[in-house]
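These notes are about the structure you will find just below.
Just so it is clear, none of the values below were taken in a lab; they were calculated from the coordinates. Values in this document were obtained by computation on a predicted structure and should not be read as measured data. When we count neighbours, we look across all protein chains shown, and the Cβ atoms used for this are built from the backbone with ideal geometry, even at glycine.
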Amino acid sequence: MQCPKCHQPLADEDDEPYICCAGAPIEWQCQQCGKVSEGFAFPYGRCGQCGGRLALRSSEPAGPADGSLTAVRMAFEIELGGRAFYQRAAADSPDEEMRSLFGRLAVMEGEHMETLSRRYHVEVPEPSAEFRIELAAIFASVENRPQDPANLFLIAMALEKRAADFFAERAGRAPEESVERRLYQELAAEEREHAALLATEYKRWRAGKPGLFSGDPLVTAVRAAAPEGTPVPLCNAAALLLTGQEDARTALVCADRQITYGELREQVARAAGVWQAHGIGFGDRVAIRLPDGIDWVVAWLGAIWSGAIAVGINPRIPAADWAYILDEAGFGLIIAESSSDTPAPWTSRVLTLEDWRRELRSAARVTARMVEEDQAAFWTHSSGTSGKPKAVVHAHRALRAIERIGRERLGITADDRLLATSRLFFSYPLANSLFAGLKLGATVILDPQWPTAATVAATVAATQPTVLFSVPSLYRNLLQEGLAPTLVQAGVGRCVSAGEALPASLRAAWREHTGLGIIDGFGASETLVLVLTGLAGENGLRPSPGVEVKPLDEAAAGAGAPTRLLFRAPTLALGYLDRPAAQSDSFRGGAFCPADLFIATGDGGWRFAGREDSLVKISGRWVNLVELEERFAGASGELRELAAAAVPDGDGIDGVALFYVADAGAEAAVERALVERSAGLPPHQRPRWYHPIDALPRTATGKLLRRRLAELRR
């Protein structure tokens, strides 16, 4: 038996408890004020806040009980409201220092929500309704104008104090020695700590002293890790992409529009002028919420060219997620087709596409702003397969060698025409098609349509790309709809797959129908590039050029067991915005350590073995759901796709449930084929339930949301 978190060997007895340190820090709770602290030792066993005696805090086995769950939900509501207030106070404040301070306080609230989510196994809920500064002032009993910087401080301190009093009052009403009482005491203590921190910052601000929240903490951490006296080179990520190509070469193609490299440089420089004309300065965050196209690229690169931080947003993002990101990011300006689906107070910060195009035509050309290479240049967002999407912060330096893997491993040259079927807000096409293509002087083809097998086949026929970047689910759809051969006929010579695991059966079927092998790749928002790649005929995935790969658990790798990997690459992100726990788990000693599991092939390669949530224990035995899904692939010609999940029965005992998508009217026949195939599997791997569904739940970038499958059965 292995620990499902760090995969260290453990006793393989179902009813024997085990201890594993991965993801389980020791927690202490003050017996006087209720504050919870994490760590292995504290001076003299006393609380750092009130001096009360500390006691080891017992773990919650599976989340808070019903009564205490109410307390946690209340805490989330307060934190979401607090973050909304801080981010909107930052947006409305005329004082630059105050904007920076309140932006960092918004981050503090986000960090606290992550702590609550991790500690109590509860996902962050959807954001509350609009939480305006004026309402916050009334709630905090502050009568003066909230636009006054001093009053913003007073409102914030009063909010934190009122939250502390609220939780303290609830603690007094809860039964003695109850979990609820302990929780309310803990939450009250943390709110008092926030109020004390704000009071300290207020005094610093009144005295004209620098505050605790000055500067970017991710950049500060990178600098602290560098040897003292190390010079920091200057660069600009957008300029890195657009330097050295011939002016007359075609850079971008979108439907009936195209633009040369010379024209692209000119428009990007003008776009920077538009951003600056709207008051966007160094380090300000801006959002591009547009369909893929030349406008998207010009606006995005123009923001970086000006020194701002560019963030691509899914134009189809759900309203609740959009509100969450707005209060997380505090955008200075948003470019979108319309302002109608952006809530107040951010509505006033939307520049419509029509106005953007008009201003771009008359904008002054701006010289690219050179900045220290560790400064943030752009964000991508993780796909959100394990909860709320995380903002991944990338530095300007990430684009210095962004094209190396495309050139050395994928064989891309300036003569190629690249098409990615996924949207540019997803890091896979952004880095491997757009960035690498521009850096190499190739032609990048853009498609504003949401991809389907039919639209992709039509775009390929019209634009004749030589390299196609796509995801397994779309390759499967192209095969099932008989469109795969038409891609080769139109000129596609290389196919690259990433974004999710590429089944061996799909890879073989693609070669059979097209004559082309699919280049398999593994990457992440945190790495930008495909850090592992597998060419046709290779055993598993190989480290890409310039990437160093090491197993997190050397012993497990040597024994042929699944392990997480550590990736070091020049394109590695600075880290996550306001996610300190996720940061410490995923970014370790200058390397990125995703939750994905791999098995060593024995000859220097790695085979994907699923994520940690795909390795489950059934009847005391480990089951790899990814491998199980592959065993059912091809069970019927009428089977479109399927996925497995561990689902508890009425007694709380987990079993495997298989969710499948079949051709219309063929559900019963497909289920019979699946049941027949399961007969040859060991008992613990056989599905107990079969569920026909219309479509598998996926993220906007096409990744399977396995955690949603269990909900479909309820």
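General remarks:
- Cβ-Cβ FRET estimate between Gln489 and Ala414, R0 fixed at 30 Å, reported to 0.05: 0.80
- Along its three principal directions, the equivalent ellipsoid of the stretch 257-312 from the Cα gyration tensor extends over semi-axes of 19, 13, 8 Å, largest first.
- Descending semi-axes in whole angstrom, ellipsoid equivalent of the stretch 238-401, from the Cα gyration tensor: 25, 18, 16
- Residues listed by number, the stretch 673-699, amide nitrogen under 20 Å from Ala666 label point at 7 Å toward C-beta: 673-678, 690-697
- Residues Phe435, Phe282, Phe592, arranged from fewest to most other Cβ atoms within 10 angstrom of their Cβ, appear as Phe282, Phe592, Phe435.
- Percent of C-alpha pairs per 5 Å bin in the stretch 619-713, short distances first: 2, 13, 26, 25, 20, 10, 3, 0.
- Using the Cα coordinates of the stretch 168-209, the gyration tensor eigenvalues translate into equivalent-ellipsoid semi-axes of 33, 7, 4 Å, sorted from longest to shortest.
- Computed over the stretch 493-603, the P(r) curve from all C-alpha pair distances, binned at 5 Å from the origin, holds 2, 11, 20, 21, 19, 13, 8, 4, 1, 0 percent per bin.
- Placing dummy labels 7 Å off each Cα toward the beta-carbon, the span from Ala508 to Ala536 is 1.6 nm.
- Sites Asp341 and Ala225 - FRET efficiency at Förster radius 35 Å, r taken between beta-carbons, to 0.05: 0.25
- Between Ala248 and Ser584, the contour length at 0.36 nm per residue exceeds the Cα-Cα span by 116.3 nm.
- In this rough spin-label picture, where each label sits 7 Å from Cα along the Cβ direction, the Ser348-Glu676 distance is 6.7 nm.
- Gyration tensor (alpha-carbon) shape descriptor, the stretch 568-615, a/c threshold 1.5: oblate
- Calculated FRET efficiency for the pair Ala462/Asp649, C-beta based, R₀ 51 Å, to 0.05: 0.50
- Note on the stretch 619-713: with charges restricted to the Cβ of Lys and Arg (+1) and Asp and Glu (-1), its dipole about the Cα centre is near 280 debye.
- Put in line by how crowded their Cβ is, counting other Cβ atoms within 10 Å and starting with the fewest, Cys593, Cys235 read Cys593, Cys235.
- When its C-alpha radius of gyration is set against 2.2 N^0.38 Å (N residues), the stretch 402-546 gives a value of 0.94.
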